[in-house]
Amino acid sequence: MKVAYWPGCVSRGFTPELHGSMAAVAPKLDLELVELDRANCCGAGVIAEHNQELVDTLNARTFALAQATGASMMNICSTCQGAQSECQQRLDADPDYREMINSHLEPEGLRYERARGDWKNKNLLWMLVEDIGLDRLREKVVRPLEGLRVAPFYGCYIVRPTGRLGYDEFPQRDFYLDFVIEALGATAVEFAGSHKCCGFPVITMAKTTSLRQAGRHLADAIDAGADCLVTPCPLCHLNLDLQQPDAEKFVERELGIPVLHLPQMVGLALGLEPKELGMDKHVVKTRDVQRKVAELAAA
Amino acid sequence: MSDFALKVRRYDPESGEPAYWEDMSIELEPERSVLDAILKYKADTDNSLAIRCSCQAAICGSCGVRINGQSRLACNTQLGEASEELRAHDGTIVVEPMGNMPVLKDLIVDMDAVHWKKVQRVVPWLLPEGDPPEREYIVPAESMIDITQSMACIQCGACVSACLSMEADPEFIGPAALAKAYRFVGDPRDSQTEERLRDLAEDPHGIYDCTHCFACIEVCPKDVAPMSQIMRLRRRAIGDYGIKDSNNGYGHEKAFVDLVEKYGTLHEAQLLPKSFGQGSLIRSQIDPDSLKQLAGSFPTVIAGLKSGKVNPIKAIWHKKLADQKQVKRIYNEVESRGERIELNLYIVGEDPSDNEGEGAQEPAGGDRAGADAEAGKSEEGAIQ
């Protein structure tokens, strides 16, 4: 399946292991990635806060570039998904507004057409369940992650608000990460923080609020017996992994639980090695997860 | 009629006993509400069960509770739907008091201690200039449209209950009170717009303490979208008044927006120092406050470098997007307009027609919103 692939800024910046693991796992999933290397930042909610017309134009540009490939768009970042869905909702809601936004794209020869039916912008998580399918995913598993206890961490932007994230059509989207974990043979761990906020958006403005959130969710996952977390959002990953040593101070306890990117977990079950998936590039070491996986391979 | 299983969180501080779950089985039609079920149990079985309610029609905002973990009005939630939700384990409807507020008894929380106190904090009344006029204030209808969404609030507290920033920082002013603040910031009769914005921007628990999690938008029964009102407060504080707060709110937005303009994608390594320096990289390295914050993030930077996650060369030398000049052009076109255009779907509604170019509508913008609201489109088509 060919997809217009939007990796986002963070996967090519501070979480290069996400970009690399997606590239490694794509052939295993029969995904042909046509990377949108001319596309711009989604704004991550910040440009929307600054100027709505600007953020709608920037994302209409990305959609237009994706539509020009003739394929649907796929992203690997909950934040991109949410920020772009917000713009798409406005663009699709009002033809005059859409024309006005399109007028900014004209000099570049681009145009965003209202998405009908089959053109969609989907996070990898949604693609796995809705387009690849859990049954096909199960068939592809060569190393079932049996015994691995994984705590799902969705990221706000992919679960709220349901009204603009396609929940009318797909009401189970806020359970997909649990479904995928189970399909790969691992155990999905239920914990309080799975659908809460990692705190990343206010890390520079309200550090206590931010790292108390990250720290509590990590602690809840540990207390629920998880070996690791998994997230479809690299911004959540930054607050939960990169900031984890700092977060310990805000919840006054030791943490030390690895946080995997979604394609890393999928890749492990599909037979890729931890190193190919960049699992050595985490702040919180993933060796316990790697050891468990190595034992599985031996068994 | 069907039998519905409810699991209700009960607590009576006067009993000296800890909180406990009570299982109930209630026979009612599936289209009846969770509130109906609780009132039936109260009437038939145990009159001591406490819940606040009045209108039973989603207008008064009294019966806010958490149902299957989601903050909502008990009168506005049907038994059949609630029992079929995936979150209702085995069809059991779980009912708890709202979050972020102390429980007084069973399903009743202390709204005074949290919600109303926070609403008071934002000075929720008009502060007009000069002596009051002899008769009413005359305001053009279109100038009030921007705040109609925040005026729709029924003070039920569902957003306060769901707020994830408040869960981490109980002092956060919160979604309901900040939406109320926007109701006055956006009111053309108010004379204290800048002072209000400065106050909420400078408060460490103010507009920059919102973690942008959409929980309030999701739960609001009236589509007030409190988080969107908080973003409007930020937009006005920074865009209209250039308020340089001490929480880095101004710096973060300026840094982010400028970096995307300059590079096309986000230059993450510069975001932090530029945020600390009110948008300026130079200032970030000479300003004592900024230097202190930079030093504070030093261990995290080192951890990032050590893990191999952050490549120092790539971090410092961020490649411009191939088409960065197109991004720059878009910025110029939009920002040179001198006014911000905003399409608020709560006010204009979504166009139900599937055909491009259909419908005789005015160009988007402030006037457009006015025309549609006058045409009575404001409520019916509302979505958020």
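The values are calculated or read from the model by the stated rules, or taken from the named source; none is laboratory data. Predicted model, so just to flag it, every value in this text is computed and none were measured. Glycine gets a Cβ as well: all are built from the backbone with ideal geometry, and neighbour counts include every protein chain shown.
Just checking, does the range B:281-296 include any residue being surrounded by 19 or more Cβ atoms within 10 Å (Cβ to Cβ), more than 10 Å from every other protein chain (Cβ to nearest Cβ), in a helix (DSSP H, G or I) and not hydrophobic (A, V, I, L, M, F, W, C)?
yes
Give the residues of the range B:297-318 that are more than 9 Å from chain A (Cβ to nearest Cβ), of a type in the set (A, V, I, L, M, F, W, C) and not in a loop (DSSP other than H, G, I, E, B), sorted by residue number. Walk me through how you get there before you give the answer.
Residues of the range B:297-318 more than 9 Å from chain A (Cβ to nearest Cβ): B:298, B:301-302, B:305, B:312-313, B:316-317.
Still in the list and also of a type in the set (A, V, I, L, M, F, W, C): B:298, B:301-302, B:305, B:313, B:316-317.
Result: B:298, B:301, B:302, B:305, B:313, B:316.
With respect to residue B:154, is the statement that it is assigned to a loop (DSSP other than H, G, I, E, B) and either touching a Leu at 6+ places or on another chain (Cβ under 6 Å) or among the β-branched types (Val, Ile, Thr) (or both) true?
Working: assigned to a loop (DSSP other than H, G, I, E, B): yes; either touching a Leu at 6+ places or on another chain (Cβ under 6 Å) or among the β-branched types (Val, Ile, Thr) (or both): yes.
Criteria met by residue B:154.
Checking residue B:242 against (1) crowded, with 24+ Cβ neighbours inside 10 Å; (2) on the phi > 0 side of the Ramachandran plot, which single condition isn't satisfied?
Result: residue B:242 passes all but (1).
Report yes if residue A:53 is buried (at least 19 other Cβ atoms within 10 Å of the Cβ) and in contact (Cβ under 8 Å) with a residue 60 or more places away in the chain, otherwise no.
Numbers: buried (at least 19 other Cβ atoms within 10 Å of the Cβ): yes; in contact (Cβ under 8 Å) with a residue 60 or more places away in the chain: no.
Judged against the criteria, residue A:53 is not a match.
With (1) closer than 26 Å to residue A:210 by Cβ; (2) in contact with a Cys (Cβ under 8 Å, 6 or more places away or on another chain) as the list, and residue A:85 as the residue in question, which single condition is left unmet?
(2)
Where in the range A:51-131 are there helices (runs of 4 or more DSSP H), lying fully within it, with 2 or more residues that are under 23 Å from residue A:195 (Cα atoms) and either at pLDDT below 95 or hydroxyl-bearing (Ser, Thr, Tyr) (or both)? Spell out the reasoning first.
Details: elements: A:52-68, A:78-93, A:95-105, A:124-127.
Helices (runs of 4 or more DSSP H) meeting the threshold: A:78-93.
Does residue B:257 satisfy being over 30 Å from residue B:115 (Cβ atoms), buried (at least 20 other Cβ atoms within 10 Å of the Cβ), β-branched (Val, Ile, Thr) and free of Cβ contacts under 8 Å to residues at least 40 places away in the same chain?
On the way: over 30 Å from residue B:115 (Cβ atoms): yes; buried (at least 20 other Cβ atoms within 10 Å of the Cβ): yes; β-branched (Val, Ile, Thr): yes; free of Cβ contacts under 8 Å to residues at least 40 places away in the same chain: yes.
Against the criterion (over 30 Å from residue B:115 (Cβ atoms), buried (at least 20 other Cβ atoms within 10 Å of the Cβ), β-branched (Val, Ile, Thr) and free of Cβ contacts under 8 Å to residues at least 40 places away in the same chain), residue B:257 qualifies.
Out of A:224, A:206, I need the residue that is more than 19 Å from the chain's Cα centre (by Cα), more than 20 Å from residue B:303 (Cα to Cα), buried (at least 24 other Cβ atoms within 10 Å of the Cβ) and at pLDDT 95 or above. Which one? First the steps, then the outcome.
Values: A:224 fails: buried (at least 24 other Cβ atoms within 10 Å of the Cβ).
Criteria check complete, one pass: A:206.
Scanning for something at pLDDT below 90, surrounded by 12 or more Cβ atoms within 10 Å (Cβ to Cβ) and facing another protein chain (nearest Cβ under 7 Å), does the range B:370-379 turn up at least one residue?
Taking the range B:370-379 first, the residues at pLDDT below 90 are B:370-379.
This time we only want the ones that are surrounded by 12 or more Cβ atoms within 10 Å (Cβ to Cβ), so: B:370-374, B:377-379.
In the following step, the residues that additionally are facing another protein chain (nearest Cβ under 7 Å) were identified as none.
No, the range B:370-379 contains no residue that is at pLDDT below 90, surrounded by 12 or more Cβ atoms within 10 Å (Cβ to Cβ) and facing another protein chain (nearest Cβ under 7 Å).
Report, by residue number, each residue of the range A:6-27 that is part of a helix (DSSP H, G or I), at pLDDT 95 or above and of a type in the set (Gly, Ala, Ser).
Hits for the range A:6-27 are A:20, A:21, A:23, A:24.
Name the residue that is nearest to residue B:179 (Cα to Cα), counting only residues in the range B:233-273 that are among the basic types (Lys, Arg) and facing chain A (nearest Cβ under 10 Å).
Quick first cut of the range B:233-273, residues among the basic types (Lys, Arg) only: B:234-236, B:244, B:254, B:262.
Remaining after also requiring facing chain A (nearest Cβ under 10 Å): B:234-235, B:254.
Values: B:234: 12, B:235: 14, B:254: 23 Å.
My answer is B:234.
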